[in-house]
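Just so it is clear, none of the values below were taken in a lab; they were calculated from the coordinates. None of the values given here were measured: they were computed from a predicted structure. Cβ sites come from the backbone with ideal geometry, for glycine too, and all protein chains shown count toward neighbours.
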Amino acid sequence: MFHRLLSATMTSSITLLVAGCWPVPQASIRPKGEPRIIESGIVVTSERGRQIVQAVDGRAQLITVSDLDRRPPRTYHVAPDVSGLRQVEVGNRVHLRLAEELTVYVPSTAAARQVSGQGGSGEEDARVLSVDRSYRLLTLQYPNGRTEDFKVGQQVRLRDMEPGDSVMIQSTEVTSIRRERP
């Protein structure tokens, strides 16, 4: 009896110890193949929560926000049909929904130049962490470790993408603004 109890305890302890050592998935592997653009112009929707408004230009339909991580402020064009821009003031906390375009590529100097010629910065913004072809989900991992899932359309060639591919993200416009109440 004591032997069975000891054996069960040891098995449980080892299982917990091994489970605690499971590595967190990382998108740091080098993708296979020659440097190239896999696909560009992948339209997705992204959420940016708890942004602090730095500037608002209602005539030009522009909003400048910074996040709580103190990264440099970013300016976005606000779609003409978005209501609520006039009620937003500097210092307000807002949640934004953005329309963005992704470019997925196998990195090289030439690929980065070609991507930057399409409106990107020439530097990767994220990496592919996983590709779920059955649900059409592309999971990206940002340099700070944060991950985000994107549902992509049927026309996106997910079969050509794999973990480790670089991703350039270009925000096209704000499609929704929600102001936090003080």
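Below are the figures for this structure:
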| quantity | calculated |
| --- | --- |
| Computed magnitude of the charge dipole of region 30-179 (debye, nearest 20; Cβ of K, R +1, Cβ of D, E -1) | 280 debye |
| Under the Debye formula (equal points on every Cα, no solvent term), log10 I(q)/I(0) of region 124-182 at q = 0.13, 0.16, 0.23 Å⁻¹ | -0.42, -0.59, -0.97 |
| Footprinting exposure proxy for ASP57, ASP165 (fewest neighbouring C-beta atoms within 10 Å first) | ASP57, ASP165 |
| Under-5 Å amide H pairs with VAL82, H placed in peptide plane, nonlocal only | none |
| Rough spin-label spacing in nm, given labels placed 7 Å along Cα→Cβ, for VAL82 and SER134 | 3.7 nm |
| Order of ARG50, ARG133, ARG59 under a 10 Å beta carbon neighbour criterion, fewest first | ARG59, ARG133, ARG50 |
| Placed amide H near ASN92: partners under 5 Å, 5+ positions off or other chain | VAL53 |
